[in-house]
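Data block below; observations after.
The values are calculated or read from the model by the stated rules, or taken from the named source; none is laboratory data. What you see is a predicted model, and the numbers here were worked out from it, not measured in a lab. Every residue, glycine among them, receives a Cβ derived from its backbone with ideal geometry; neighbour counts consider all protein chains shown. Please note that ligands, DNA and RNA were not included when accessible areas were found on the heavy atoms of the full protein model with its side chains. Shrake-Rupley method; radii C 1.70, N 1.55, O 1.52, S 1.80 Å.
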Amino acid sequence: MEQPAKAPRQNRTITVDFQDPCTYFRLISDGKAFVEFVLAFILALGFQLYHKASCNGGGCLTRHSHYARIRLGGLTIWRIQCTSCKAVFTVLPQFVLRYRRMSPDVAQQALIATHGGLSLEWCATICHISPMALYRLICALGQHSLVTVLVKCRLPLPTYILVDEKHSHCLTDRVYLPTIASGRVIWHLGYSACKSAAAFTESYGVFQQMALNHEPSYQVKGALTDGFDSTVSSMRTLFPKARLGFCLRHALNKLPEKLVGVSASVRRGLRAKFHALLHRCRQRKSLRVVALGQRLRHFAHRIAMTVSEAHGARIRHWFETKKAGWYAVLEDPRMPAMSTVLDQAHNAMDRKLFAMKGFHHPGGSQGAFLTGLAHLYNLIPYQRRALNAGKCGVEVEGGVLPTPDWMINLQILTSGGYRCALEPPNH
Ligand SMILES: [Zn+2]
């Protein structure tokens, strides 16, 4: 069971990149220069501060109070205050983590090792920290929703989404990770003990709510699933106007299972023909749905003639139940046709979760932990030999990052005191 979320006080911490620590130590002795530096930094990011609801953010900022972080050798931390709404923002330099003694450098090493699939225990060992400290760090990142962080990177909310659930285990129980992705970015990674439509609707509903908070008119135009009933009906409930398509690659991989008792070589041949059929329909510029309908009928007929009448009937029946979802893919050229990138995201998650069995206990903060892992997935750049080498998923999708350093980006983007400005400042 997931622990119920407490309603915490608004976190108004902001991480500011002072680059050289010397700059920070020089500025903390000069109140006016300090506030000016912080304001210029916020302006350069194109962010706004998270003021109180009543405030239009038009007031001035003043230096409010300071305190010493004893655990960090008495480091002085300043707070700044809005003169209108009195909201107080804690300014953390980039070389400090919120509530943590662990340095960002150590955290960076441990997080990249985690992201690479090393177990928490091994990451902790090589970085000289405790596995629990690393677990808590990832959970703390996961307190910030994926939508909040991604819109700060100026990614538009996804209009076409890939939706699927990853099967995993919590000790011996089967659990499900409802996931929404768009291209190389994960927008939602939930946790559910049950695979009912109601459970999935609840999980995907969290994404919908976050998206609506950001943009009240948000609508999904198309969703691609593998055709699983609970997933399809949860999408129908949440996004009644969306086109619901079924992944063509899943269809391709399912075909051989429908040909039980047929020799492997014949099944391979039919799979290749089915692949060519789907491909040719997607290549067409017009009448794609009509063409697919015709070709599916011919394909089933051919199986009935060349394999057996029973197999032909079975394939025809399967086509009947799935074709609406395939038509939906072909009706709109912007619809994704395959969920391959989502499968890749799931495989990446699987490696991490497999290495972290010890932390799958029923009282854990699975939701926060998974969201934290998804932030890493979105923000850590791909390796040098990969296709999009040096870029992270957010950049591949056209997002804008605060700095070239992914760890500082992670700190800035998960700062509760920032919110994205509605219009990027370009003048
Ligand atoms: Zn204010």
Report task. Given the peptides 234-245, 71-82, arrange them by the average over their residues of other C-beta atoms within 10 Å, most packed first. Result -> 234-245, 71-82
Query raised in the report: R0 = 45 Å: FRET efficiency of K322 with I112, Cβ-based, nearest 0.05?
Result: 0.65
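If you count, for each residue, the other Cβ atoms within 10 Å and average over each peptide, how do 214-227, 366-379 line up from highest to lowest? Kindly include the intermediate steps, with their values, before the conclusion.
Values: 214-227: 17.9, 366-379: 24.1.
The packing order, highest mean first, is 366-379, 214-227.
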Query raised in the report: Assuming R0 = 22 Å, what is the FRET efficiency of S65 and S29, from their Cβ-Cβ distance, to the nearest 0.05?
Result: 0.90
**Report entry** Pairs beyond 19 Å (Cα-Cα), from K352/K391; K221/K285; K166/K323; K32/K52; K258/K322
**Finding:** K352/K391; K221/K285; K166/K323; K32/K52
Report summary line: Here the gain from full extension of N347 to E257, 0.36 nm per residue of separation minus their alpha-carbon distance, amounts to 30.2 nm
Query - Mean separation of Cα contacts under 8 Å, 6 or more apart, over the residue count of the chain: relative contact order % - result: 23 percent
Query raised in the report: Counting only protein heavy atoms and using a 1.4 Å probe, what share of the accessible area of segment 223-373 belongs to carbon plus sulfur, as a whole percent?
Result: 55 percent
Query raised in the report: Put a dot 7 Å past each Cα toward the Cβ at R334 and K86; how far apart are the dots in nm?
Result: 4.7 nm
Report task. Write down the accessible area per residue of the chain in Å², having rolled a 1.4 Å probe over the full set of protein chains. Result -> 50 Å²
Report summary line: Ranked output for segments 397-403, 381-387 by mean other Cβ atoms within 10 Å, highest leading, reads 397-403, 381-387
Query raised in the report: Nearest-5 percent of antiparallel DSSP beta bridges in the chain?
Result: 70 percent
Query raised in the report: Assuming R0 = 45 Å, what is the FRET efficiency of A310 and D173, from their Cβ-Cβ distance, to the nearest 0.05?
Result: 0.70
Report summary line: Per-residue ellipticity at 222 nm attributable to helices in the chain (runs of n ≥ 4 DSSP H, -39500 (n - 2.57) apiece, nearest 500 deg cm²/dmol) works out to -14500 deg cm²/dmol
Query raised in the report: Label points 7 Å out from Cα along the Cβ direction at L43 and S265: separation in nm?
Result: 7.5 nm
Query - Carbon + sulfur, % of accessible area of segment 1-147 - ligands and nucleic acids excluded, 1.4 Å - result: 56 percent
